[in-house]
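Worksheet for the structure shown next.
The values are calculated or read from the model by the stated rules, or taken from the named source; none is laboratory data. Predicted, not measured: the structure shown is a model, and the values here were computed from it. Cβ placement follows ideal geometry from the backbone for every residue including glycine, while neighbour counts extend to all protein chains displayed.
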Amino acid sequence: MNTEQVSVLYFAKSAELTGLKAENITVPSNITSLQLWQDLETRHPRLSVLRDQVVLAVRQEYVPLCAQPLSLREGDEVAIIPPLSGG
Amino acid sequence: MAADQGQDLITLTTDKLSADGVSESVTCPSCGAISLFIGTTRDNFEGKKVIRLEYEAYIPMAESELRKICSDIRTKWPSVRHICIQHRLGVVPVTEASVIIGISSPHRSESLEAVKYGIDTLKATVPIWKKEIYESGQPCWKENKECLWADDGTDSKES
């Protein structure tokens with residue numbers, strides 16, 4: 001099983017809940033978006049309030065939480081994206 | 001003489017925004033219309049007094065999503081000439097602009113429609129977040145109803 005180290009970026013409410021702007025984690029490269037979120041919830045239980053209202057951004061493309069494998073590469077950025085409020 | 005190359009001018013900044021600056025940046029001699037949208041900070045939400053907004057962004061992705069919006073606009077309204085989208089980050093006091101979109105086109109209907117599309121799509125897709133700071137009570141991260149993963153309860157969802 002290949003694992004990769006990726007950077008997780010936290011924004012808005014997710015940054016407040018974790019107390020972090022970013023952290024590095026090592027995960028299997030074929031982890032799904034849902035599994036990755038569950039990994040983060042295990043590390044930061046307070047994130048659970050966002051579970052139904054969050055998507056990820058992997059290499060700056062939105063990915064919903066689902067059974068889709070992410071095909072992560074070493075050094076990829078995964079951002080936690082709470083509901084948007086630009087404009 | 002070659003036709004003007006349409007420019008996409010995208011700025012994320014903590015500086016105060018200028019409508020004059022946006023308008024000047026999209027002006028061109030062959031365009032008869034410039035349409036502007038200015039989004040400003042309101043001083044109230046559900047009876048609470050708002051004293052300021054604080055914005056943050058996933059900056060590289062916000063820029064790429066804004067470029068996608070410009071590209072979509074040019075596909076839907078090919079006569080659009082220049083597009084300028086400026087979004088302020090950090091603290092935005094009440095009545096000041098948080099976003100300005102300016103678009104020029106030869107005739108008015110294209111730039112008017114494109115500006116509306118621009119702000120509607122920005123609210124749905126660009127990774128920017130705002131927190132409302134009230135005179136009293138806890139600050140609140142806002143959620144745009146246009147965002148597909150916001151809670152689909154009432155229009156004005158708070159978190």
Item to check | Residue identified as of a type in the set (S, T, N, Q), crowded, with 18+ Cβ neighbours inside 10 Å and within 30 Å of A:R59 (Cβ to Cβ) among B:S98, B:S71, B:S64 | outcome: B:S98
Item to check | Residues of the stretch B:112-124 classified as surrounded by fewer than 24 Cβ atoms within 10 Å (Cβ to Cβ) and at the interface with chain A (Cβ under 10 Å from one of its Cβ atoms), total | outcome: 5
Item to check | Single residue of the stretch B:16-56 satisfying the filter (among the aromatic types (F, W, Y) and out of contact with any helix residue (DSSP H, G or I) (no Cβ under 8 Å at 6 or more places or on another chain)) that is nearest to B:V99 (Cα to Cα) | outcome: B:Y55
Item to check | Criterion violated by B:I59 - all others in (1) under 27 Å from B:E96 (Cβ atoms); (2) buried (at least 16 other Cβ atoms within 10 Å of the Cβ); (3) not hydroxyl-bearing (S, T, Y) satisfied | outcome: (2)
Checklist entry - Is it the case that some residue within the stretch B:41-49 is surrounded by 14 or more Cβ atoms within 10 Å (Cβ to Cβ) and under 16 Å from B:I119 (Cα atoms)? => result yes
Checklist entry - Which condition number in (1) in contact (Cβ under 8 Å) with a residue 60 or more places away in the chain; (2) surrounded by 13 or more Cβ atoms within 10 Å (Cβ to Cβ) is the one that A:E74 fails? => result (2)
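Return yes or no: is B:S109 in a loop (DSSP other than H, G, I, E, B), out of contact with any strand residue (DSSP E or B) (no Cβ under 7 Å at 6 or more places or on another chain) and more than 10 Å from chain A (Cβ to nearest Cβ)? Break it down stepwise before answering.
Values: in a loop (DSSP other than H, G, I, E, B): no; out of contact with any strand residue (DSSP E or B) (no Cβ under 7 Å at 6 or more places or on another chain): yes; more than 10 Å from chain A (Cβ to nearest Cβ): yes.
The answer is no for B:S109.
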Next on the checklist: List the residue pairs whose Cβ atoms are under 6 Å apart, where the first residue sits in the stretch B:57-79 and is free of Cβ contacts under 8 Å to residues at least 60 places away in the same chain and over 25 Å from A:L9 (Cβ atoms), the second is of a type outside the set (F, W, Y) and part of a helix (DSSP H, G or I), and the two are 6 or more positions apart or on different chains.
Outcome noted: B:I73/B:A114; B:W77/B:E110; B:W77/B:A114; B:S79/B:E110
Checklist entry - Does at least one position in the stretch B:43-50 carry a residue that is under 19 Å from B:S111 (Cα atoms) and of a type outside the set (A, V, I, L, M, F, W, C)? => result no
Checklist entry - Counting just the residues of the stretch B:41-84 that are among the small types (G, A, S) and away from chain A (no Cβ under 14 Å), which one comes out farthest from B:L9 (Cα to Cα)? => result B:G47
Item to check | Scope the stretch A:31-87; condition part of a strand (DSSP E or B) and at the interface with chain B (Cβ under 10 Å from one of its Cβ atoms); matching residues | outcome: A:V55, A:A57, A:E61, A:Y62, A:E77, A:A79, A:I80, A:I81
Next on the checklist: What's the number of the only condition in (1) within 11 Å of chain A (Cβ to nearest Cβ); (2) under 28 Å from B:K49 (Cα atoms); (3) at pLDDT 95 or above that B:V92 fails to meet?
Outcome noted: (1)
